[in-house]
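These notes concern the structure reproduced below.
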Amino acid sequence: MDVQSGDNGMSSGNGTGGESSEAIIGGGSREDANGKLKQQDEDIGEPMSLVDDVSTEYFESYEDLNVHRLMLQDAARTNAYQTAITDTQNLFKDKVVMDVGAGTGILSLFCAKAGAKKVYAVEASGLAKTLPQIFSKNGFSDVVTVIHSRVEDIQTLPENAVDIIVSEWMGFYLLHESMLESVLYARDTFMKPGGLMYPNSAQLYAAPCQIPDLWKEHGEFWTSQSHYGFDLSPFGNIAKNRQSPVVETITSDGLMADPQLLFDLNLQTISSSSLEVFKDRRFFTMDQTGDMHAVCLWFTCTFPVVPGKEPVELSTAPWSDKTHWKQTLILLPDKLEFEEGDITGWEISLEKASLIKGSRSYRIHYQCLGDDDEHPVPCECGAVKCEIIKHYMTQSNQTNEPDIDE
């Protein structure tokens, strides 16, 4: 991950109810074929113009075919898109489609095969030069038109507007790389009223978790062992204040409480401005005794559905089929001990980094809360007082519902 330290990196301190931490993770990082995150240092300079060094580096990173091999080998990811498009092919019949960030063109091929009249495959990287051969090889050169450009730089389309926009824009913890802004730009600029988005919704979930092996590797590396016979533990305080989120696969056994939905994005209507900051206050009842090491984040996406077909969901949850997104772990500065039935909470925010215009980074801030801190209303923690409030609100809503004559 591209993690900027110092004032913009991990920090910890005492806040209301406990400890807090924050980090910036964003563009300039990607996985290699083995699923490991590559580090890329970025020099923060002047604000970006429409085409600048930072965005150029971002798009050039997607010319690495190992990145695309990894994504194509992700069967859960690719099958979800294929099924969602194939199951709703009547919605694609004779329609105009835009594929934002076409990459290898696989989603464009799915759309063309589903009966689309025209597909615009928009790709800013150098892969766009090879895409015409791909579509010709597969018999869709007359259907798919390649546009070698950022979608924001497209002035006009031969068609007045498109009926459907497809894109695989999701990053780690859903928002990493923030390609979603480009997709929403395409929606607002080129999609007809009543058009469809694939996917049309996305959800971010979280749960407290324990990761003892990873904690030994990351949280206790400097303090729990001798290094070649020497004590390097003073680095431990520095390290825990600069922890960066870890992208790793964990099992559902590591979750210490029932997961809760943090954010639910309606991609048909959400505005780009609403992507600047996401904030959430949440409480959980621990269902097991042990040490909490991290907050686990994952996402799901859903697609348009037609009668007679099952809804298609792409899930990166710990209990779902493994994906290249894995799960994102926000490591705590220090582990926290809990007994089964204890209640813990947090305030978590994802804030677009403002160091440079058009930044693809988010600052993640986490603050631990105690049970005595104010709970949101309604609250899903399961505490008696919160359940009573939920029950009262449900009863009140039912009472206020207007009667509808048959």
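The values are calculated or read from the model by the stated rules, or taken from the named source; none is laboratory data. For clarity, every value in this text was computed on a predicted model and none was experimentally measured. Cβ placement follows ideal geometry from the backbone for every residue including glycine, while neighbour counts extend to all protein chains displayed. Accessible surface areas use protein heavy atoms only, side chains included; no ligands, DNA or RNA. Shrake-Rupley method; radii C 1.70, N 1.55, O 1.52, S 1.80 Å.
Residue-by-condition table, conditions (1) part of a strand (DSSP E or B); (2) among the hydrophobic types (A, V, I, L, M, F, W, C):
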| site | (1), (2) |
| --- | --- |
| 262 | yes, yes |
| 291 | yes, no |
| 294 | yes, yes |
| 317 | no, yes |
| 331 | yes, yes |
| 335 | yes, no |
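Of the residues contained in region 295-305, none is found to be surrounded by fewer than 19 Cβ atoms within 10 Å (Cβ to Cβ) and of a type outside the set (Val, Ile, Thr). Within region 149-187, if we keep just the residues that are out of contact with any Gly (no Cβ under 9 Å at 6 or more places or on another chain), outside any loop (DSSP other than H, G, I, E, B) and aliphatic (A, V, I, L, M), the residue that is nearest to residue 246 (Cα to Cα) turns out to be 174. Only one of the numbered conditions (1) at pLDDT 95 or above; (2) within 20 Å of the chain's Cα centre (by Cα) is violated by residue 331, and that is (1).
Quick check on region 105-113. Is at least one of its residues within 16 Å of residue 157 (Cβ to Cβ), hydroxyl-bearing (Ser, Thr, Tyr) and either out of contact with any strand residue (DSSP E or B) (no Cβ under 9 Å at 6 or more places or on another chain) or open to solvent by less than 10 Å² (accessible area, probe 1.4 Å) (or both)? Yes; the residues of region 105-113 include at least one that is within 16 Å of residue 157 (Cβ to Cβ), hydroxyl-bearing (Ser, Thr, Tyr) and either out of contact with any strand residue (DSSP E or B) (no Cβ under 9 Å at 6 or more places or on another chain) or open to solvent by less than 10 Å² (accessible area, probe 1.4 Å) (or both). Filtering region 306-329 to residues that are among the hydrophobic types (A, V, I, L, M, F, W, C), open to solvent by less than 10 Å² (accessible area, probe 1.4 Å) and over 15 Å from residue 252 (Cβ atoms) leaves 314, 325. Name the residues in region 109-163 that are among the acidic types (Asp, Glu) and under 22 Å from residue 199 (Cβ atoms), would you? Within region 109-163, 123, 152, 163 qualify.
Among the numbered criteria (1) touching a residue at least 60 places away in the same chain (Cβ under 8 Å); (2) more than 22 Å from residue 71 (Cβ to Cβ), which single criterion is violated by residue 194? In the conditions (1) touching a residue at least 60 places away in the same chain (Cβ under 8 Å); (2) more than 22 Å from residue 71 (Cβ to Cβ), residue 194 misses (1) alone. Residues in region 197-222 that are farther than 29 Å from residue 168 by Cα and touching a residue at least 40 places away in the same chain (Cβ under 8 Å): 7 in all.
Considered as a group, the residues in region 207-254 that are in contact with a Lys or Arg (Cβ under 7 Å, 6 or more places away or on another chain), closer than 30 Å to residue 82 by Cα and of a type outside the set (Ser, Thr, Tyr) include one that is least open to solvent (accessible area, probe 1.4 Å), and that residue is 247. Candidates 280, 258: the one that is farther than 30 Å from residue 193 by Cβ and in a strand (DSSP E or B) is 280. Residue count for region 114-134 satisfying the condition of being within 27 Å of the chain's Cα centre (by Cα), open to solvent by 10 Å² or more (accessible area, probe 1.4 Å) and of a type in the set (Gly, Ala, Ser): 2. Examine region 346-364 for a residue that is outside any loop (DSSP other than H, G, I, E, B), open to solvent by 30 Å² or more (accessible area, probe 1.4 Å), closer than 19 Å to residue 284 by Cβ and at pLDDT 75 or above, and state whether such a residue exists. Yes, that holds for at least one residue. Considered as a group, the residues in region 264-277 that are in a helix (DSSP H, G or I) and of a type in the set (Gly, Ala, Ser) include one that is nearest to residue 349 (Cα to Cα), and that residue is 274. As a summary of the residue check, residue 150 satisfies the conditions (1) closer than 18 Å to residue 85 by Cβ; (2) buried (at least 18 other Cβ atoms within 10 Å of the Cβ); (3) not aromatic (Phe, Trp, Tyr) except for the one numbered (1). For residues that are modelled with pLDDT under 95 and on the phi < 0 side of the Ramachandran plot, scanning just region 171-205, find the one that is surrounded by the most Cβ atoms within 10 Å (Cβ to Cβ). Residue satisfying both the conditions and the ranking: 175.
Identification of helices (runs of 4 or more DSSP H) wholly contained in region 39-102 with 1 or more residues that are modelled with pLDDT of 95 or more and over 15 Å from residue 116 (Cβ atoms) yields 75-87. Apart from one condition, residue 275 fits all of (1) more than 18 Å from residue 182 (Cβ to Cβ); (2) open to solvent by less than 20 Å² (accessible area, probe 1.4 Å); the exception is (1).
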